[in-house]
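Trainee: Below you'll find the structure I mean.
Nothing in this text is a laboratory measurement; each read-out follows from the coordinates by a stated rule. All of these numbers come straight from a predicted model, not from anything done at the bench. All Cβ positions, even for glycine, are placed from backbone atoms using ideal geometry, and neighbour counts span all protein chains on display.
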Amino acid sequence: MTDVVSARPCRRLARRALIIVATIATALFALPATAHAGHPATVGNTDGDGLNIRQAPTTASSPVGLAQTGDVIDVTCQAYGQWVTNTRGFSSNLWDYSSDDGGYLADAYMNTGYDGRIPGVPECDDAPPPGGDITPLQQNQGQFTQWEDCGPTSVVAALLALGITPHGWNTSTVESIHRAREDMGLARNVKTGGTNETQVNRAFATYGLSTYTSWNLDTILAHVRSGRPVVLAGNTIDLPWPVNVASPNGVPHFLTVAGYDGNGGYLVVDPIAVNNTVKVASRATLAAFFDHNLGRAGVLA
C-alpha cells in the first residue's frame with residue numbers, strides 16, 4: 001500500500017498562482033550524412049507491437065522498418081525530436097539512428113545502458129538539442145520543508161527544461177531545492193506554509209528571466225506547444241496519477257508543464273507524484289487541475 005502524507009504540502013500564501021514560461025529553441029532534423037562506429041542497443045518491451053524505425057525523429061514520419069522486442073540495433077548517432085512515452089511511463093525526446101536499418105528508433109524504448117545520450121555516440125548531423133531535459137523530480141527529499149516545496153521544485157524542473165543549470169544542481173537535488181527557496185527570498189529549512197507567485201517570480205529573476213501574468217489557459221498551453229516550460233498552479237484533487245496527499249479535498253499545488261508531445265499530450269513534472277516519472281496529461285486534465293481557487297493564473301516570459 002502506498003503511504004501518503006497527512007500534512008498540507010505546497011499550501012500557497014497568495015490568492016493567485018504563478019506560471020513561468022520561457023522559450024526553448026526548436027530544431028530541424030535530417031538523416032545523417034555520414035555513418036559512425038555504432039553502439040549496440042536492445043529494443044525493450046513493446047507489448048508485442050514492435051518498434052517502428054522512422055525516416056525522421058518523430059512519429060509523424062513514415063516508417064521504414066519494424067524492430068521487435070529483444071532485437072539488437074547498432075546505434076550510429078542520436079538526435080533530439082518528438083517526445084515519446086513508453087509502456088512503462090518513461091518519456092524521452094532522444095532518438096537513436098541506425099545506419100544499418102536506415103532510420104530512427106525512439107530511445108524511450110531502447111536499452112542502451114544509459115539514461116540519456118550514449119557516451120561516444122555523436123549527435124546526428126551535429127544538431128543541438130532543442131533546449132534542456134525534462135527531468136522528473138520529487139519535492140520530498142527529506143528536507144524539513146519538503147511538503148511545501150512544490151514551488152521551488154517546479155522552478156528547478158522548469159530551469160532544467162530550459163537548459164539552465166539550477167543553482168546547487170551540481171551538488172544534489174535537495175541542494176537545488178534549498179537554493180530555489182533562497183532565490184525566492186526564503187530561508188532553507190524554515191517553514192512558511194507554502195510559496196507564492198511573487199516568490200517564484202523572484203527566483204526566476206535571479207536567472208535574468210522576466211515574466212508577465214496571463215489568466216487564460218489557452219494562451220498558457222499555446223506557449224507550451226511552442227516549446228516553453230510552464231510552472232502551473234492548481235489543486236491536486238483532479239490529478240489522475242497517485243500523489244502524496246492524504247486530504248480528500250486535495251491541496252493547492254505547483255507543477256511544471258515542461259513540454260508537448262505533438263499528439264495532444266502535455267509532459268508534466270509533478271513534484272508531489274508518488275511515482276517519479278514524467279507524466280503525459282491531456283488539456284482536460286490540466287484544465288481540471290487549473291480550475292481551482294489559488295489556481296487559474298500564469299506568468300509568461
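Trainee: So for the stretch 205-301, considering every pair of alpha-carbon atoms, how many percent are separated by more than 20 Å?
Mentor: I get 33 percent for the Cα pairs in the stretch 205-301 exceeding 20 Å.
Trainee: Right, next: Among 178-185, 241-248, how do they line up by average Cβ neighbours within 10 Å per residue, starting with the highest? All intermediate terms of the calculation are to be shown ahead of the outcome.
Mentor: Details: 178-185: 21.4, 241-248: 16.1.
So the order, starting with the most tightly packed, is 178-185, 241-248.
Trainee: Collect residues whose amide H, placed 1.01 Å from N in the peptide plane, falls under 5 Å from the amide H of Gly50; neighbours closer than 5 in sequence don't count.
Mentor: The list, which skips near neighbours in sequence, is Thr69.
Trainee: Out of residues 5 or more away from Gly259 or on other chains, whose amide H comes under 5 Å of its own, with H placed 1.01 Å from N in the peptide plane?
Mentor: Leu267
Trainee: Under a crude label model (7 Å from the Cα following the beta-carbon direction), how far is Ala222 from Val64 in nanometres?
Mentor: Label at Ala222, label at Val64, 3.7 nm between them.
Trainee: Then there is this: Could you give each residue of the stretch 280-290 its phi-based ³J(HN,Hα) in whole Hz, using Karplus coefficients 6.51, -1.76, 1.60 with θ = phi - 60°, and x for Gly or Pro?
Mentor: 10, 10, 7, 4, 4, 5, 5, 5, 5, 4, 5
Trainee: Please list, by residue number, every one of the chymotrypsin sites (Phe, Trp or Tyr not before Pro) in the stretch 151-248 that is coil in DSSP and has at most 16 other beta-carbon atoms within 10 Å. If you can, show how the numbers build up before the last one.
Mentor: Numbers: sites: Trp169, Phe204, Tyr207, Tyr212, Trp215; in loops: Trp169, Tyr207, Trp215.
Here the chymotrypsin sites (Phe, Trp or Tyr not before Pro) that fit, given the DSSP loop and packing criteria, are Tyr207, Trp215.
Trainee: Efficiency by 1/(1 + (r/R0)^6): what FRET value for Asn111 and Ala205, r their Cβ-Cβ distance, R0 = 51 Å, to the nearest 0.05? If you can, show how the numbers build up before the last one.
Mentor: Numbers: r = 42 Å, r/R0 = 0.82.
Step by step, r from the Cβ atoms, then E = 0.75.
Trainee: Kindly rank 275-282, 187-194 from highest to lowest mean number of other beta carbons found within 10 Å of each residue. Don't skip to the answer; put the middle values down first.
Mentor: Values: 275-282: 18.0, 187-194: 14.0.
My ranking of the peptides, most packed first, is 275-282, 187-194.
Trainee: Relative contact order for the stretch 39-126: what is it in percent, counting Cα pairs under 8 Å that are at least 6 residues apart? Walk me through the intermediate numbers first.
Mentor: Working: 203 pairs, mean separation 28.5, N = 88.
Once normalised by length, the contact order is 32 percent.
Trainee: Something else now. Among Trp83, Trp147, what is the fewest-to-most ranking by other Cβ atoms within 10 Å? Mind showing how you got there, number by number?
Mentor: Values: Trp83 25, Trp147 22.
Going from sparsest to densest Cβ surroundings: Trp147, Trp83.
Trainee: Just to compare against my own numbers: the Cα pair-distance distribution for the stretch 39-126, 10 Å bins, whole % per bin, please.
Mentor: Reading the bins upward from 0: 20, 60, 19, 0.
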